[in-house]
1. Taking square-rooted eigenvalues a ≥ b ≥ c of the alpha carbon gyration tensor, is the range 111-155 rounded, prolate or oblate, where a/c under 1.5 means rounded and, failing that, a/b exceeding b/c means prolate?
2. Rounded if a/c is under 1.5, else prolate if a/b is larger than b/c, else oblate: which is the range 150-363, with a ≥ b ≥ c the root eigenvalues of its Cα gyration tensor?
3. Order these peptides, 119-132, 276-289, 101-114, by their mean beta-carbon neighbour count within 10 angstrom, highest first.
4. For the range 260-270, just list the computed ³J(HN,Hα) in residue order, Karplus coefficients 6.51, -1.76 and 1.60, θ = phi - 60°, integers in Hz, with x standing in for Gly and Pro.
5. In percent, how large is the relative contact order of the range 95-163, given Cα pairs closer than 8 Å and 6 or more residues apart?
6. Stokes-Einstein D for the range 320-371 at 4 °C, 1.567 mPa s, Kirkwood Rh over Cα pairs, in µm²/s?
7. Quickly rank 30-41, 230-241 as a protection proxy: mean count of other C-beta atoms within 10 Å, highest first.
8. In nm, give the distance between the simple-model label positions of F354 and R322, each being 7 Å from the Cα along the Cα-to-Cβ direction.
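The numbers here are math on the coordinates, done by the rules we state, and not lab data. In this text the structure is predicted, and so the values were computed from the model without any measurement. All Cβ positions, glycine included, derive from the backbone under ideal geometry; neighbour counts span all protein chains shown.
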Amino acid sequence: MVQSFTTTSSTTDSSQKVSKVEGIKERSNYLREPLASELLEDTTHFSHDAYQILKFHGSYQQDNRENRVKGQEKDYQMMLRTRSPGGFIPPQLYLTLERLSENYGNHTLRVTTRQGFQMHGILKKNLKTAIQEIVNNMGSTLGACGDINRNVMAPPAPFTNRFDYDCVRRYANDIADLLTPQSGAYYEIWLDGEKAISGEENPEVKEARQRNGNGTIFHDSPDPIYGTLFLPRKFKIAITVPGDNSVDIYSQDLGLIVILDEAGQLEGFNVLAGGGLGRTHNKEETFPRLADPIGFVRKDDIYDAVKAIVATQRDYGNRVERRLSRMKYLIEDWGVEKFRETVEGYLGKKFEPFRPLPEFKYLDFLGWHDQGDGKLFYGISVENGRIHDRGSLQLKTALRRIVEAFNLPMLLTPHQNVLLYDIAPAQQREIEQILQECGIKRETDIDPLVRYSMACPALPTCGLAIAEAERGIPGVLARIRALLNQVGLPEEHFVVRMTGCPNGCARPYLAELGFVGRSPDSYQIWLGGDPNQTRLAQTYIESLAIENLEATLEPLFVYFKQEQLHRVEPESFGDFCHRVGFEALRRFAATYSATPNASIQEMVNQFSSPVNSENVTTSGAEPIAAATSSESSVSVTSGSDSPTGATAAAAADSGVPPTPPTPPSGGGGGGDDSEGEDASGSSRPPRRRINVSNEIYLQLKTEAERQGKPMSQLAGDAIDAFLKSLTEQA
């Protein structure tokens, strides 16, 4: 039985008054008013109530905050977002969007992190024309925003010889259709009641939408799944294949993973639920969360299972406090078992056990690939998703020329990139020529820090932004690259994501290094996500002034480099932060001081015990050239007769920071081992630093490499021999 819409999760008193947005939705006559009436008015913007309904139609009302003048009306403009399941953009739609961005927008297009396009800068008077053009050219904006199922994501790779990839494309489109609003308001308002010709809906979807699964639908309602109030908040779905995490599957309200049987046919889907990344600063009751395994569903039951999960959120999600309205809070409050049992009640059967999966990997599909049918596809990196012409980079021109010349469809990726596909091999050279003429780099020529980064638009148009993101991240990445070069990690890269507010549109909480806008020019720093986006990062610094970026990250990079000298297998920066733990990171940073007269490699030596050269990789063992000063520093290890635990005292005497604790191998807490002991518990001999000329340093370095011994050992042996000779002379 369907519950009352005033019912909330068990942490909320059902007698509490629902949020004002709930009333706006209920009075809207299935997403019509007051939007339809206000669209006819000669004004520059919509009222608050109309704007709330406008979101469901795929548009956000914004203003350029840099154009605000006290006492004058805001510079109102609309952002329009496409509904493009799986990122599919037919050629005529792309050319239409490109033209609209020139005629009515800000001359740019932006690929979103949910595989759609956004246009910014559209005036209210041009909004209807823009939407009409999109719909009449095989596109839609319905359901791209609002308290509803958003764009359904899927891996963008257009493989034709992989049945599992074919399944995710088909089901992404079908589930998007299943959960599309049905009242007809969209077509009444924007197309004067004429529904544009589009692909024929799967008959199984039509049947499933009307099928009642123990209270999943409202009979005789224009919108049988959503009713009059729709969902408590946005709802996000992604579908993928085992091993492919190009869609950030654990960040979704609902994640589906295709499972094939031994014959290679579709058997069903693993189901994940309860992911979501949005949060609010200083509201600890809000938090990012990864999706939980719920179970396995047979293919014949997948539409009913999706409806059952949506109905559970619809009927039990929090409609009182919007910041707690996402399904992740319902599952966090109830627990997985209660949630599963409730969904099974709507479904009418139990979930089967979750099927085993291989490890997920992040894939971006950039560059040239065989499509599987004799044709090719090509992935183009689009920095922060912004398609424009600026200086020598003429990406917008390049895409227009290619699509016009070859009539190619495209797939937008969850990482804000573009894949062109159905390319005949004979067209490859001409396409490469166009890209080269327009200044488009090959994927191998792009700094991996940039390639794997993401940022939201943020300022100046997003009303929620409190710091830069898209405009700020290029400079931040350049500074990080310079710092990595400085500390001797020129080939290192990791996933960096930045948002201008804590809502998490660029999914920073899954990054290895996440920047979340805290105030103008200050960011919350998140560390410890993994390169494949299967683990949440954690807050490392509550508020970092961006001017202090290098001072904050340098100790972490030095510590990271030191740790890699001890490891046979390489480790990502995010995995390193997670393994050693934040306590160890903070203790290292607190005692670290960059020494002008020492190379970074020598600073690493001060914080590490002697390493067997056989266990050091070539890349990790290569020190940076000495500083330009006439002197360099060499750490010398005391003999075994030094008292146990003397490391810190020796460091204090010499001005060298003490060695931080090294956690046990594979540990995640960090900082629990006694200072001065390695992972095995043995005492480390203390280190002392002496200064030598650059000439002596380089000679010592060359000899150490020739003999395969640590520089500290050679220096100690030489000094010992010298002191013995003095004793003999005396």
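1. Numbers: a/c = 1.83, a/b = 1.69, b/c = 1.08.
Note, shape of the range 111-155 comes out prolate.
2. Numbers: a/c = 1.38, a/b = 1.04, b/c = 1.33.
Here the range 150-363 falls in the rounded category.
3. Details: 119-132: 19.1, 276-289: 17.2, 101-114: 20.8.
Order by mean packing, descending: 101-114, 119-132, 276-289.
4. Couplings: 9, 7, 5, 8, x, 9, 5, 9, x, 9, 6 Hz.
5. Numbers: 57 pairs, mean separation 16.5, N = 69.
The value is 24 percent.
6. Working: Rh = 15.0 Å.
Translational diffusion coefficient: 86 µm²/s.
7. Values: 30-41: 17.7, 230-241: 25.2.
Ranking, from highest mean packing down: 230-241, 30-41.
8. 3.2 nm
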